[in-house]
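Structure, as structure tokens:
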Amino acid sequence: MTIAALLQQFELFGVKLGLDSSQRLLANLGNPHQQVPIIHVAGSNGKGSVCAYLSAVLTAAGYRVGRYTSPHLVDWNERICLNEQPISSLELEQYLHQVIAAIQPTDPTPTQFEVITAAAWLYFAQQQVDIAVMEVGLGGRLDATNVCDRPLVSVITSISREHWQRLGSTLGQIAGEKAGILKPGCPAVIGQLPPEAATVVTQRIADLGCPTVWVEPAIEVERQETRWADYQGVQYPLPLHGAIQLSNSAMAIAALKILQDQGWHIPETAIATGMANTKWAGRLQWFTWQGQRILIDGAHNPASAEVLRQYVDQLVSNAQGDRGDGEQLTPLPSSPPPMPLKIQWVIGMLSTKDHADIFKALLRPGEELYLVPVPDHSSADPETLAGLARQICPELAHCQVCIDVFSGLDATFQCRSQAPGTDHLTVLCGSLYLIGDFFKQVMASA
């Protein structure tokens with residue numbers, strides 16, 4: 001059976017928050033999670049970037065590093081990495097067979113996420129990793145990754161209203177779920193949180209006696225050749241785009257400083273090399289398709305949509321030169337005057353997302369919107385989204401429903417050709433599943 005087929009049999013069990021099933025399954029496997037020192041990372045946004053930074057730096061420092069993240073964009077293999085390299089398909093299939101064989105007939109059937117998470121623990125234990133960077137899948141307290149009693153560091157990157165159907169309708173309730181990864185006496189790194197969430201996390205920290213670093217964003221450092229940042233005297237390259245990476249990278253550095261205090265050997269050269277090598281696909285990523293540059297970002301909740309909008313606004317404000325991050329979209333100031341910049345959105349969202357708040361964060365008068373379905377998932381209806389978008393931003397220059405993402409992109413390029421006196425920025429966003437399907441189809445046609 002293929003990896004997809006092996007995992008598909010567990011898909012119908014949906015999402016079941018709780019640790020009993022994972023603990024039972026891991027016990028059947030010999031408790032591999034107890035053999036793996038971990039950094040545990042939760043948060044509404046930014047946790048993937050923080051995991052990517054940590055994994056890259058620790059790999060550069062010479063350690064054997066596991067990394068577990070979700071969701072994947074194209075292949076399941078992406079979720080489980082060793083020293084920045086995804087597990088091979090053959091290995092993942094073998095580990096999944098081991099996990100499935102350990103499910104006892106009398107045990108409740110585990111969910112798909114519990115099975116792939118158990119495979120990650122087993123792989124990291126058998127590969128004898130020095131350390132694993134584990135990203136929470138959903139929430140924290142009852143997430144399948146939350147089976148480790150003594151993490152080296154626990155990180156909470158951010159808290160915003162997301163997955164409210166399962167985590168609670170208020171920021172305080174969501175914060176309580178994410179703070180569930182904190183363990184008694186174990187160090188914590190906490191990003192900038194809304195006051196309601198910070199109150200809950202602060203109380204949890206006090207109850208557990210966690211030594212805690214509350215992280216302020218790093219400071220951008222002027223360097224001619226590339227973008228750098230400084231966090232508490234540690235200077236490093238910053239390859240991932242957007243102002244939000246000043247916060248995400250600072251949290252990674254704060255966690256690394258705690259590891260250094262614990263005796264881990266992480267020299268400044270490894271920090272600089274690892275940070276420079278960090279990649280995180282599908283988040284503020286520039287991509288060329290059919291000869292046109294487009295900006296790609298998941299932006300699947302209101303907070304991430306605000307981050308994307310901030311980045312787009314930065315590009316607009318720098319319209320007379322290099323728009324930051326190396327994207328030369330208009331002539332240099334010494335050239336003829338630049339053309340006006342028009343934003344074109346190609347958006348597809350899941351039915352469970354906060355559509356109105358995402359539109360409020362992204363859309364501005366005079367911009368174009370092309371709505372598409374998210375394939376193979378519970379997609380929001382593009383026609384319904386179009387009506388909502390027109391209500392929220394009635395001064396859109398154009399709003400159109402397209403049958404798929406490629407039709408949407410084609411439509412943006414057609415509008416470009418009809419406005420030769422205008423420069424355009426096309427942004428594909430709204431769901432990581434949409435981005436993953438786009439990449440998969442592009443790769444298949446290459």
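So what J values fall out for segment 274-284 if you push phi through Karplus, 6.51 cos²θ - 1.76 cosθ + 1.60 with θ = phi - 60°, rounded to Hz, Gly and Pro as x?
Using θ = phi - 60°, the values come out as x, 4, 5, 8, 5, 10, 8, 5, x, 10, 6 Hz.
For segment 97-249, take the alpha-carbon Rg, divide it by the Kirkwood Rh, and send me Rg/Rh. All intermediate terms of the calculation are to be shown ahead of the outcome.
On the way: Rg = 18.3 Å, Rh = 17.8 Å.
Radius of gyration relative to Kirkwood radius: 1.03.
Excluding ligands, DNA and RNA, what is the solvent-accessible area per residue of the chain at a probe of 1.4 Å, expressed in Å²?
Details: 18230 Å² over 446 residues.
Spelled out: the 1.4 Å probe surface of the chain, per residue, equals 41 Å².
For the pairs K47/K257; K279/K353; K16/K353; K47/K342; K257/K440; K183/K440, note any where the Cα-Cα span goes beyond 29 Å.
In this structure, K47/K342; K257/K440; K183/K440 lie more than 29 Å apart at Cα.
Taking segment 63-134 as the region of interest, what is the percent of Cα-Cα pairs per 10 angstrom bin, listed from the shortest bin to the one with the maximum distance?
Percent of Cα pairs in each bin: 20, 54, 23, 3.
Under a 5 Å amide H to amide H cut-off, with H placed in plane at 1.01 Å, what residues pair with K342 once short-range neighbours are removed?
Result for K342 returns D423, H424, L425.
Computing the accessible area with a 1.4 Å probe over protein heavy atoms, can you report the carbon and sulfur percentage for segment 336-446?
Working: 2580 of 4760 Å².
Taking all protein chains in place, segment 336-446 shows 54 percent carbon and sulfur surface.
Compute the Rg to Rh ratio over the chain from the alpha carbon atoms, using the Kirkwood formula for Rh, and round to two decimal places.
0.97
Just the C-alpha atoms of segment 144-228: what Rg/Rh do they give, with Rh taken as the Kirkwood radius? Before the final figure, lay out the partial values.
On the way: Rg = 15.1 Å, Rh = 14.1 Å.
Rounded to two decimals, Rg/Rh equals 1.07.
Build a GNM of the chain with springs between Cα atoms under 10 Å: which of G387, G137, G180 gets the top mean-square fluctuation?
Highest fluctuation of the listed residues: G387.
Take the alpha carbon atoms of segment 229-257, find their center, do the same for segment 116-133, and report the distance between the two centers in whole angstrom.
26 Å
Could you tell me the convex hull volume per residue, in Å³, taken over the Cα atoms of segment 1-124? Don't jump to the answer; show the numbers that get you there.
Numbers: hull volume 14.0 nm³, N = 124.
Considering the Cα atoms of segment 1-124, their hull volume per residue is 113 Å³.
Tell me, what are the semi-axes, in whole angstrom and largest first, of the equivalent ellipsoid of segment 20-80 as set by the roots of 5 times the Cα gyration tensor eigenvalues? Kindly include the intermediate steps, with their values, before the conclusion.
Values: eigenvalues 100, 53, 29 Å².
Result for segment 20-80: semi-axes of 22, 16, 12 Å.
After finding the eigenvalues of the alpha carbon gyration tensor for segment 189-263, what semi-axes result from the square roots of 5 times each, listed largest first in whole Å?
Working: eigenvalues 142, 49, 11 Å².
Computed over segment 189-263, the values are 27, 16, 7 Å.
For labels at D376 and Q418 in the simple 7 Å Cα→Cβ model, what's the distance in nm?
For D376 paired with Q418, the spin-label model returns 3.3 nm.
L369's amide H: which non-local residues (gap 5+, or another chain) put their own amide H closer than 5 Å, with H modeled 1.01 Å from N in plane and none for Pro or chain starts?
Answer set, sorted by chain and number: W345, H398, C399, Q400.
Quick check: net charge around Q127, other residues with Cβ under 11 Å of its Cβ, Lys/Arg +1 and Asp/Glu -1? Walk me through the numbers before you get to the answer.
Numbers: positive: R64; negative: E91, D130.
Once positives and negatives cancel, what remains is -1.
So, how do all the Cα-to-Cα distances of segment 203-311 break down into 5 Å bins, in percent, from 0 on up?
That works out to 2, 10, 17, 19, 18, 14, 11, 5, 2, 1, 0, 0, in percent per bin.
For a quick protection proxy, order the peptides 40-49, 208-217 by their average other-Cβ count within 10 Å, most packed first. Mind showing how you got there, number by number?
Details: 40-49: 25.9, 208-217: 16.6.
Result, highest mean first: 40-49, 208-217.
Hey, how much of the P(r) for segment 345-446 falls beyond 18 Å, as a percent of Cα pairs?
Numbers: 2294 of 5151 pairs.
Value for segment 345-446: 45 percent of Cα pairs lie more than 18 Å apart.
Using +1 at the Cβ of each Lys and Arg and -1 at the Cβ of each Asp and Glu in the chain, identify which of C399, L369, L19 lies farthest towards the dipole's positive end.
Going by the Cα projections, it comes out as L19.
I'd like the Karplus ³J(HN,Hα) series for segment 128-142: coefficients 6.51, -1.76, 1.60, θ = phi - 60°, whole numbers in Hz, and an x wherever there's a Gly or Pro.
Coupling constants for segment 128-142: 6, 5, 6, 7, 10, 9, 10, 8, 5, x, 8, x, x, 4, 10 Hz.
In whole Hz and in residue order, list the ³J(HN,Hα) couplings for segment 391-397 that follow from phi through the Karplus curve 6.51 cos²θ - 1.76 cosθ + 1.60, θ = phi - 60°; x for Gly and Pro.
Those phi angles translate into 5, 6, 9, x, 9, 4, 6 Hz.
The values are calculated or read from the model by the stated rules, or taken from the named source; none is laboratory data. Here the structure is a predicted model, which means the values were calculated and not measured. Here Cβ is always computed from backbone atoms with ideal geometry, including for glycine, and neighbour counts include all displayed protein chains. Only protein heavy atoms, including side chains, enter the accessible area calculation; ligands, DNA and RNA are left aside. Shrake-Rupley method; radii C 1.70, N 1.55, O 1.52, S 1.80 Å.
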